[in-house]
Amino acid sequence: MARNLIIVGAGPAGYTAAVYAARADLKPLVFEGVQYGGQLMTTTDVENYPGFAKSIMGPELMEQMREQAKRFGAELVSDNVTAVDFTSRPFKVTAGNRTEEADTVIISTGASHRKLGLESETKLFGKGVSACATCDAFFFKEKVVTVVGGGDSAMEEATFISRFASKVYVLVRTDKLRASKIMAERCKANPKIEFVYNVEVVEVLGVDQNKVTGVKLKDSATGQTRDLPCDGMFLAIGLVPNVDLFKGKIDLDERGYIKTHNVTETNVPGVFAAGDVQDWKYRQAVTAAGSGCAAALDAQKYLEKMQEN
């Protein structure tokens, strides 16, 4: 017998959907994935999530959401979904050797950090190249580090890394920052942080030594290159929605995000999307949670209509 609802992915959107669905007695099955919690698992202080006056650590917030979903009866499975079939009903979701069927599905697989696409970057990833300051900044005590990016995430990464590193260079492709004023000013006031504008990283140096020794920078105006010695490089250049599972199965927009209408509905009736996998604009934990709530309510209404028919 098919389940009422399967939720694929477990960040703020997935767990919020699970809370609402479980409270509605839909008995949701949540495929969390091997690494549950989404991007907040690599975030330090979360200062702007409502209800936490003194801020809260990202992993702690996600653990509280997870426990809340469990308390209301959501079934959580720490397996990665490997295939979905939306061509017939009930829908099929496969994780490992297990295939489950459900009348509705909520996709909340989030987004991942964008990479530069360099061969040297790939070879040195985890050996001085990182996309997670909270995971790896500790290893760069009194060392020189670069942060690639000009948005809020780059400012947050640089600020956090500066607690450990002796020097942080923020490498910006254009002549100005995309970051909010408050985040940018905080970085500019930090004596350990220096901004380098109009540069593009074209190579990560140190492959032959199996560790980062510097980055080769290309001036976007003159095309000239120069080497900047450093001990590590952190990526903060945006996000890519985690949609590989759903390509050809569901409509995506021109940016590659799942296309939704009426907030969470996809082009497949009964399949809904919530959080950063469909939100290219806001990409906040609180907006992800809000859309997770909406997706659960939409799934509930869809199931009610199914029963009426």
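Condition check for Ala111 on (1) surrounded by fewer than 21 Cβ atoms within 10 Å (Cβ to Cβ); (2) touching a Leu at 6+ places or on another chain (Cβ under 9 Å); (3) of a type outside the set (D, E, K, R); (4) within 30 Å of Leu205 (Cβ to Cβ): one failure, at (1).
Yes/no matrix, rows are residues, columns are (1) assigned by TED's automatic domain parsing to the domain that holds Asn48; (2) at pLDDT below 95:
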position: Thr222; (1), (2): no, yes
position: Asp227; (1), (2): no, no
position: Cys230; (1), (2): no, no
position: Lys247; (1), (2): yes, no
position: Thr266; (1), (2): yes, no
position: Ala273; (1), (2): yes, no
position: Lys281; (1), (2): yes, yes
position: Gly292; (1), (2): yes, no
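Considering only segment 1-105, give the strands (runs of 3 or more DSSP E) lying wholly within it that have at least 2 residues that are farther than 24 Å from Ser153 by Cα and in contact with a His (Cβ under 7 Å, 6 or more places away or on another chain). Per the criteria, no element qualifies.
Which residue out of Ser78, Ser112, Ser108, Ser130 is of a type outside the set (A, V, I, L, M, F, W, C), under 21 Å from Gln300 (Cβ atoms) and within 19 Å of the chain's Cα centre (by Cα)?
On the way: Ser78 fails: under 21 Å from Gln300 (Cβ atoms); Ser112 fails: under 21 Å from Gln300 (Cβ atoms); Ser130 fails: under 21 Å from Gln300 (Cβ atoms).
Step by step, each of Ser78, Ser112, Ser108, Ser130 is checked, and only Ser108 is of a type outside the set (A, V, I, L, M, F, W, C), under 21 Å from Gln300 (Cβ atoms) and within 19 Å of the chain's Cα centre (by Cα).
Scanning segment 167-193 for residues that are in a loop (DSSP other than H, G, I, E, B) and in contact with a strand residue (DSSP E or B) (Cβ under 9 Å, 6 or more places away or on another chain) turns up Val172, Arg173, Leu177, Asn190, Lys192.
Taking Glu203, is it of a type in the set (Asp, Glu) and modelled with pLDDT under 95? Before the answer, list the steps.
Details: of a type in the set (Asp, Glu): yes; modelled with pLDDT under 95: no.
Answer is no for this residue.
The values are calculated or read from the model by the stated rules, or taken from the named source; none is laboratory data. Just so we're clear, the structure is a prediction, and the values are computed from it rather than from any experiment. In this analysis, Cβ positions are derived from the backbone assuming ideal geometry, glycine residues included, and neighbour counts consider all displayed protein chains.
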